Amino acid sequence: MQARRLSFIGAGNMPRSIISGLVKGGYDPKLITASNPSRPKLDALEKDFGIVTTQSNHEACDKGDVVILSVKPQIMADTCKDLIEHCDIQGKLMVSIAAGITTGRLMEMLGDYAKVVRTMPNTPSSLSLGMTGLYAPESVDLEDRDFIAFVLNHVGKTLWVDTDEQINTVIAAAGSSPAYLFLFAQAMQDEAMAMGMSKDDARLLVQQALLGSAEMICHNPELELSELRAQVTSKGGTTHEAICTFQDNQLESIVSKAMQAAVRRAGEMANDF
Ligand SMILES: NC(=O)C1=CN([C@@H]2O[C@H](COP(=O)(O)OP(=O)(O)OC[C@H]3O[C@@H](n4cnc5c(N)ncnc54)[C@H](O)[C@@H]3O)[C@@H](O)[C@H]2O)C=CC1
Ligand SMILES: O=C(O)[C@@H]1CCC=N1
């Protein structure tokens with residue numbers, strides 16, 4: 001695949017995770033530019049990954065063949081307006097990682113520009129263990145689709161979805177979900193500490209159990225998740241008591257409500273911004 005110049009507009013947590021995974025995955029840092037209004041995050045990116053940085057969005061946009069719009073959804077419209085007023089974006093592939101900005105809305109923000117891809121990555125990208133959903137309208141050709149998937153495959157796995165709405169499902173199941181799992185881990189750590197364990201020991205127990213469980217899911221694709229659970233759950237044993245407690249307290253329903261809330265919020269953001 002022919003390398004292209006990538007420019008990130010906005011240099012917060014998510015682009016940092018992607019840049020980290022890209023550089024670790026062998027992408028030439030000199031082909032990566034990031035812009036941000038203030039220096040500290042840019043200095044850290046320069047120091048840690050050797051990429052090019054600038055405080056000017058215009059300079060970053062001009063430098064990129066692929067421009068990855070990485071600002072908060074709230075300022076996406078203003079940021080795009082400013083870019084199209086000052087930069088020539090014709091021919092560039094414009095990619096958004098923002099939650100809640102539909103592809104149609106993004107095209108509109110870019111002055112009815114059609115070469116756009118909507119993506120939804122997650123922060124495990126920093127360890128090359130990311131999961132990114134992608135959606136592109138028909139106006140994006142195969143070469144551009146393959147290129148952006150090639151870039152994001154450097155930082156984990158990718159999944160093309162068939163409709164713009166399905167990106168909201170990606171948000172609920174993969175974009176936001178690391179935070180659900182961190183919350184679950186934190187609750188287990190807190191309880192292990194309440195039971196008398198030191199903070200570090202409690203964290204070790206929890207993190208290794210989560211890591212091992214995730215690996216078991218990945219290494220046993222032929223086993224349903226319910227079967228993996230059954231393998232831990234001895235009849236009349238401890239796990240059964242814990243699982244019954246979760247189920248008596250509607251864990252499945254809570255998860256479903258939380259995912260629906262994330263999707264609902266994405267819909268609201270599409271209207272608001
Ligand atoms: N954090 C996450 O796990 C994920 C975030 N996203 C999306 O990524 C986007 C960025 O999120 P984060 O990196 O988490 O946010 P963040 O709050 O860490 O970073 C936002 C960055 O934008 C910069 N900024 C502010 N005004 C700007 C401007 N006019 N031009 C350029 N940069 C500007 C800020 O200085 C800051 O560094 C959002 O749209 C979010 O929906 C998508 C998937 C996951
Ligand atoms: O919370 C958010 O809106 C962003 C999108 C997915 C993860 N973080």
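Collect the residues in the stretch 41-75 that are among the acidic types (Asp, Glu) and not in a helix (DSSP H, G or I), keeping them in residue-number order. Once the filter is applied, which keeps residues that are among the acidic types (Asp, Glu) and not in a helix (DSSP H, G or I), the stretch 41-75 yields only Asp65.
Restricting the first member to the stretch 171-193 and to residues that are on the phi > 0 side of the Ramachandran plot and in contact (Cβ under 8 Å) with a residue 12 or more places away in the chain, and the second to residues that are within 14 Å of ligand 1 (Cβ to nearest atom) and assigned to a helix (DSSP H, G or I), no beta-carbon pair is closer than 9 Å while six or more apart or on different chains. On inspection, Ala34 passes the criterion of being more than 8 Å from ligand 1 (Cβ to nearest atom) and closer than 24 Å to Met131 by Cβ.
Checking Ser70, Ser56, Ser96 one by one, the residue that is over 17 Å from Asn271 (Cα atoms), within 16 Å of ligand 2 (Cβ to nearest atom) and not acidic (Asp, Glu) is Ser70 and no other. Only helices (runs of 4 or more DSSP H) whose full extent lies in the stretch 157-255 are considered here, and the ones with at least 1 residues that are within 16 Å of ligand 2 (Cβ to nearest atom) are 166-170, 177-194. Does Gly50 satisfy the condition of being loosely packed, with under 15 Cβ neighbours inside 10 Å and either touching a residue at least 60 places away in the same chain (Cβ under 8 Å) or within 16 Å of ligand 2 (Cβ to nearest atom) (or both)? For Gly50, the condition - loosely packed, with under 15 Cβ neighbours inside 10 Å and either touching a residue at least 60 places away in the same chain (Cβ under 8 Å) or within 16 Å of ligand 2 (Cβ to nearest atom) (or both) - is not met.
Answer yes or no as to whether Met193 is modelled with pLDDT of 95 or more, surrounded by 13 or more Cβ atoms within 10 Å (Cβ to Cβ) and more than 24 Å from the chain's Cα centre (by Cα). So Met193 passes the test. Which one of Asp78, Asp82 is free of Cβ contacts under 8 Å to residues at least 12 places away in the same chain and either loosely packed, with under 14 Cβ neighbours inside 10 Å or in a helix (DSSP H, G or I) (or both)? Sole residue among the options that is free of Cβ contacts under 8 Å to residues at least 12 places away in the same chain and either loosely packed, with under 14 Cβ neighbours inside 10 Å or in a helix (DSSP H, G or I) (or both): Asp78. Taking Ser96 as the residue in question, decide whether it is more than 14 Å from ligand 1 (Cβ to nearest atom), under 28 Å from Lys24 (Cα atoms), of a type in the set (Ser, Thr, Tyr) and out of contact with any His (no Cβ under 6 Å at 6 or more places or on another chain). For Ser96, the condition - more than 14 Å from ligand 1 (Cβ to nearest atom), under 28 Å from Lys24 (Cα atoms), of a type in the set (Ser, Thr, Tyr) and out of contact with any His (no Cβ under 6 Å at 6 or more places or on another chain) - is not met. When Ala209 is tested against the conditions (1) away from ligand 1 (no atom under 16 Å from the Cβ); (2) on the phi > 0 side of the Ramachandran plot, the lone failure is (2). Only a single criterion out of (1) under 17 Å from Met76 (Cβ atoms); (2) more than 12 Å from ligand 2 (Cβ to nearest atom); (3) outside any loop (DSSP other than H, G, I, E, B); (4) out of contact with any Asp or Glu (no Cβ under 7 Å at 6 or more places or on another chain) is not satisfied by Gly111, namely (3). Of the residues Phe246, Phe184, the single one that is more than 16 Å from ligand 1 (Cβ to nearest atom), among the aromatic types (Phe, Trp, Tyr) and within 29 Å of Lys157 (Cα to Cα) is Phe184.
The values are calculated or read from the model by the stated rules, or taken from the named source; none is laboratory data. These figures come from a predicted structure and were not determined experimentally. Every residue, glycine as well, gets a Cβ built from its backbone with ideal geometry; the counts of neighbours run over all protein chains shown.
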